[in-house]
Every structure is written in structure tokens, then in C-alpha cells.
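**Q** Below is a structure I'd like to ask you about.
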Amino acid sequence: MVIVLNPIAISLGPIQVHWYGIIIGLGALLGLMLAIREGKRFGISSDFFMDLLLIGLPSALIGARTYYVAFEWNYYKDNLTDIIAIWHGGIAIYGALIGAILAAVIYTRRKGYDFWRIADFCAPGLITGQMIGRWGNFMNQEAHGGPVSESFLRNTLHLPDFIVNQMYINGQYYHPTFLYESIWSLTGLLLLLWIRRRSFLRSGELFMSYFIWYSLGRFYVEGVRTDSLAFAGPQWLASFLKEIWSPMSSFGWGAMEAGKNIRISQLLAVAILIAAVAFIFIRRKQKSSIPYSSSVETEIWAATAIQGQQPRET
């Protein structure tokens, strides 16, 4: 007998608390703790990061939902009330990053900090939030890959019963792509924690390393998924993306809506990866960045001195 986990954690009359929201909140909390811990090494108060989370989290949710709804407008234009139903899923990580980054740029500039330094401190927290947040998709039985056999899940991947059972959806087992991405993010977290103590690292590069790692993994996982946001593009581009993905061909190419041949997340992953590498190369070439380990207070003092302001305490 297949026992599927209930996506609703608590029901209080008409009020339902979904595991999806609890898991997203837990990921954000752990990410915040990582950022606070690193910020303390540079004399930045925990209040700064807590305020950043209070501003960044709703901005991320709005960005994530707006991004998803924009690409699925044909459905939502006739179901406007569903736009706010994020507990049913339907949020896009790239949209969340856009919303969070815009909010962070405004907030850090108002506080007098260099955005790239703060982004570096937050990078491990971001990938931690994504690593944990994917388990919200698991509870909702969404963001999965194409169909597989029960034997593949039990005997090839050696997954425990609770994951195998949850991947049984409407009479069919599916690829646990949430798990692939979560494990990839865990590996990325360990890598970022190691990189940030290396002497060669310069400001902005840890944040870019996060983008490089996450985008690389997302590109390959996305090709397995069956719920990808997609559009009809030139066939040469679609063939190029699928050729890059071909090392994962044994996992099967996930289905897309008829008439659409380019997965938006795959295209964005390639673009972001290239942009991140170019960012590091150009900044290194121009010597426009400073060591990651340099004092944040020094930067604040220099920036405020240029503007003719008095530096504030951190």
C-alpha cells in the first residue's frame, strides 16, 4: 500500500497551514543564520541581516510568483484568484532571485554597504534556502521529472520508502528531481563554505560562484522535468540546448507542451553561467574588486568619505 504524505501540516477550522510554507520558512531561517554568522566576522550586526530578510523574502515571493504567472498568463488570465495561491506551488526560483536582488541592492545602498560584499555573505544562505525549499515541492508532489519504474527508484537510486511513495502520482512513479536539485545544492553549499576561506577570493566572486554552481545543476535537472516553463523558439537553439544536456540522456527528456521547444530555465541557466564567469574575468582584469577577507568597515569609511558623509558605526 502506497502512503502519500499530507501536504497540509495543520488545520485550524478554515485555516490550513501547508508544509510547503513551513519548509520555505525553515530554509529562509537557516539561510539567515548562515549570513548572520558570517556577517559577525566583519562587524555587521545581526539586525542588518534580519531586516534584509524581512525585505528580501516578500520581494522574492512576489518576484517568483510574478515570473511564473507571466509565463503562464494564458491560464491565470481566466483564473485571477489563483494568482495568490502560492501554497499550491507555481513559483520560479529565478524570479525569486530577481525580486530578492532588487530589494537587496536598494537596501544595502541605503545602509551604505557595498552590495557585492553583502551578496557574498548571503550566497551560502541562498543555496541553503533552495536546498531545503525543494522539499516543499516534494510534499506537494510537484516539480518532478518524467515517469520511471518503481524498480528504478528502489533498486537503482536506493531511495527510502517515504520518497518512493511520494513519487507515486496518479498511478505512475516519477523522477524525484526535487531530490537531485537538493543534493546538488547541498554539494554547492559545502563548496561555497570552502571557497570563502580561500585567499584568492575577491568581492563578488562567492556570489557569482553560487550562480555558476546553481545554474549548472539547474540546467541538467530542468531537462528531466515535465513542468518546465517553455516557449517556441528557433530550432537551432533548441537543438543546441538539448545537445549540451545530452550527457544526462539516460534520465530521459521531460515532456513539454506541444509547440514549445525551449525551456526558459535552461536558457537562463546558460546565460547566467556565462555572465557570472565574464563578471569574474572582467573584474579580475580591471582589478576593480577587493579581497573577500578585507574589512567591511574600511569600505564603508571610504565610501562615505567620498560622499562627504560621516561613517556610521557597524
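**Q** Going by the conditions given, is Ile280 under 30 Å from Trp194 (Cβ atoms), open to solvent by 50 Å² or more (accessible area, probe 1.4 Å) and more than 16 Å from the chain's Cα centre (by Cα)?
**A** Details: under 30 Å from Trp194 (Cβ atoms): yes; open to solvent by 50 Å² or more (accessible area, probe 1.4 Å): no; more than 16 Å from the chain's Cα centre (by Cα): yes.
No; evaluated as a whole, the condition is false for this residue.
**Q** I need a count of the residues in region 30-54 that are closer than 24 Å to Trp135 by Cα and open to solvent by 40 Å² or more (accessible area, probe 1.4 Å).
**A** 6
**Q** State the number of residues belonging to region 165-214 that are open to solvent by 20 Å² or more (accessible area, probe 1.4 Å), of a type in the set (D, E, K, R) and touching a helix residue (DSSP H, G or I) at 6+ places or on another chain (Cβ under 9 Å).
**A** 2
**Q** Let me ask something additional. Hey, could you check region 288-314 for residues that are modelled with pLDDT of 80 or more and not polar (S, T, N, Q) and say which is surrounded by the most Cβ atoms within 10 Å (Cβ to Cβ)? Break it down stepwise before answering.
**A** Taking region 288-314 as the starting set, the residues that turn out to be modelled with pLDDT of 80 or more are 289-296.
Those left that are additionally not polar (S, T, N, Q): 290-292, 296.
Values: Ile290: 16, Pro291: 12, Tyr292: 22, Val296: 19.
Once the filter is applied, the top-ranked residue is Tyr292.
**Q** Does region 179-200 hold any residues that are at pLDDT 95 or above and of a type in the set (A, V, I, L, M, F, W, C), and which are they?
**A** Leu179, Ile183, Trp184, Leu186, Leu189, Leu190, Leu191, Leu192, Leu193, Trp194, Ile195
**Q** I'm trying to understand the selection: among the residues of region 125-162, which are within 16 Å of the chain's Cα centre (by Cα) and either of a type in the set (Gly, Ala, Ser) or more than 28 Å from Val17 (Cα to Cα) (or both)?
**A** Gly125, Gly129, Gly133, Gly136, Ala143
**Q** Taking region 123-161 on its own, how many of its residues are closer than 24 Å to Ser45 by Cα and open to solvent by less than 30 Å² (accessible area, probe 1.4 Å)? Spell out the reasoning first.
**A** First pass over region 123-161, keeping only residues closer than 24 Å to Ser45 by Cα: 123-129.
Restricting the remaining residues to those that are open to solvent by less than 30 Å² (accessible area, probe 1.4 Å) gives 123-125, 127-129.
Residues in region 123-161 being closer than 24 Å to Ser45 by Cα and open to solvent by less than 30 Å² (accessible area, probe 1.4 Å): 6 in total.
**Q** From the list Gly27, Gly43, Gly39, exactly one residue is of a type outside the set (D, E, K, R) and touching an Asp or Glu at 6+ places or on another chain (Cβ under 8 Å). Which is it? I'd like the intermediate steps shown before the answer.
**A** Numbers: Gly27 fails: touching an Asp or Glu at 6+ places or on another chain (Cβ under 8 Å); Gly39 fails: touching an Asp or Glu at 6+ places or on another chain (Cβ under 8 Å).
Matching residue, one of Gly27, Gly43, Gly39: Gly43.
**Q** Asp120 versus (1) touching a Ser or Thr at 6+ places or on another chain (Cβ under 7 Å); (2) open to solvent by 10 Å² or more (accessible area, probe 1.4 Å); (3) within 19 Å of Tyr214 (Cβ to Cβ): which is the lone unmet condition?
**A** The one condition Asp120 does not meet is (2).
**Q** Output the residues belonging to region 197-234 that are over 21 Å from Ile244 (Cα atoms) and within 19 Å of the chain's Cα centre (by Cα). Reasoning before the result, please.
**A** First, the residues of region 197-234 that are over 21 Å from Ile244 (Cα atoms): 197-208.
Scanning region 197-234 gives Gly204, Glu205, Leu206, Phe207, Met208.
**Q** Kindly indicate which of Gly21, Gly13, Gly63, Gly27 is modelled with pLDDT of 90 or more and either of a type outside the set (Lys, Arg) or open to solvent by 60 Å² or more (accessible area, probe 1.4 Å) (or both). Break it down stepwise before answering.
**A** Working: Gly21 fails: modelled with pLDDT of 90 or more; Gly13 fails: modelled with pLDDT of 90 or more; Gly63 fails: modelled with pLDDT of 90 or more.
Only one candidate qualifies: Gly27.
The values are calculated or read from the model by the stated rules, or taken from the named source; none is laboratory data. Keep in mind it's a predicted model, so treat the numbers as computed, not measured. FYI the Cβ positions are ideal-geometry reconstructions off the backbone, even for glycines, and counts take in every protein chain you see. With ligands, DNA and RNA removed, areas are computed over all heavy atoms of the protein, side chains included. Shrake-Rupley method; radii C 1.70, N 1.55, O 1.52, S 1.80 Å.
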